[in-house]
Amino acid sequence: MRPGPGQVLHFSEDPTITRFTPHVAPTARQRTPYVWAVDGPRCPDYWFPRDCPRAMAWTTPTTTTDDATRLLGPGEVRLHAVEHHWLEVLRTARLYAYRLPASAFTLFGDDAHAHVATEPVEPLGPVEPVGDLLALHEEAGIQLRLLTTLWPLWDAITTSTLGFSGIRLGNARPRA
């Protein structure tokens, strides 16, 4: 599930949204109200139920072969990790994608993968079911790893040369 030309996507477990209104999310670091969307390369970051904590890592032009092999595995270029107890939620989640006009959004942040709008935005068409989240990962060639806890992997990838992102880590099991 990726956006088409001139589109960005918003993923939600709510299939009834007809208009996106800027708001400040409870987990937001900034106080400006936004509508959030994501571009194609980072869509896989959101192929999860909203509250599912996940650690993600991928190779970049500056990633060392040692870091890639040690943390991702031989020949792997991207990894998503979740805790075991989220597997059933991941299997049964009903996730939906909203296609939004990219022209209504501006890039947000240094990484420039997130897009924000400060005015209300209406979807370009009907909401689309995302489908089998495990199959999406497989089709995209993204390794999906199940762990007892995310923290040892998270600590290793954040001190490596890999690109990385962590979402909803506050919902992960506490550190030992």
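Scoring F105 on the criteria (1) under 17 Å from R19 (Cα atoms); (2) among the aromatic types (F, W, Y); (3) under 16 Å from the mean Cα position of the chain (by Cα) leaves a single failure, condition (3). The single condition among (1) within 24 Å of R173 (Cβ to Cβ); (2) at pLDDT 95 or above that P26 does not meet is (2). Reported count of residues in the range 143-176, each being closer than 26 Å to V38 by Cβ, touching a Phe, Trp or Tyr at 6+ places or on another chain (Cβ under 7 Å) and not hydrophobic (A, V, I, L, M, F, W, C), is 3. When D110, D155 are checked against the criterion of being free of Cβ contacts under 8 Å to residues at least 60 places away in the same chain, part of a loop (DSSP other than H, G, I, E, B) and among the acidic types (D, E), D110 stands alone in meeting it.
Among the residues of the range 80-123, those identified as at pLDDT 95 or above, surrounded by 16 or more Cβ atoms within 10 Å (Cβ to Cβ) and not hydrophobic (A, V, I, L, M, F, W, C) are H80, E83, Y96, Y98, R99, P123.
Among residues that are loosely packed, with under 11 Cβ neighbours inside 10 Å and out of contact with any Leu (no Cβ under 7 Å at 6 or more places or on another chain), D39 is not included. Sort out which residues of the range 84-107 are free of Cβ contacts under 8 Å to residues at least 12 places away in the same chain and under 17 Å from P41 (Cβ atoms), and write them in order of number. Within the range 84-107, just L107 meets the criteria. For the range 54-95, a residue qualifies if it is aliphatic (A, V, I, L, M) and under 17 Å from the mean Cα position of the chain (by Cα), and the qualifying residues are A55, M56, A57, V77, L79, A81, V82, L87, V89, L90, A93, L95.
When the range 1-24 is filtered for residues that are touching a helix residue (DSSP H, G or I) at 6+ places or on another chain (Cβ under 9 Å) and among the β-branched types (V, I, T), only V8 remains.
For the structure I just gave you, tell me whether G166 is small (G, A, S) and surrounded by fewer than 15 Cβ atoms within 10 Å (Cβ to Cβ). Judged against the criteria, G166 is not a match. A residue that is over 19 Å from M56 (Cβ atoms) and touching a Ser or Thr at 6+ places or on another chain (Cβ under 6 Å) occurs somewhere in the range 87-100. Scanning the range 130-176 for residues that are of a type in the set (G, A, S) and within 25 Å of A28 (Cα to Cα) yields G163, S165, G166, G170, A172.
The values are calculated or read from the model by the stated rules, or taken from the named source; none is laboratory data. Source: prediction; values computed, not measured. Note: ideal-geometry Cβ built from the backbone for every residue, glycine included; neighbour counts use all protein chains shown.
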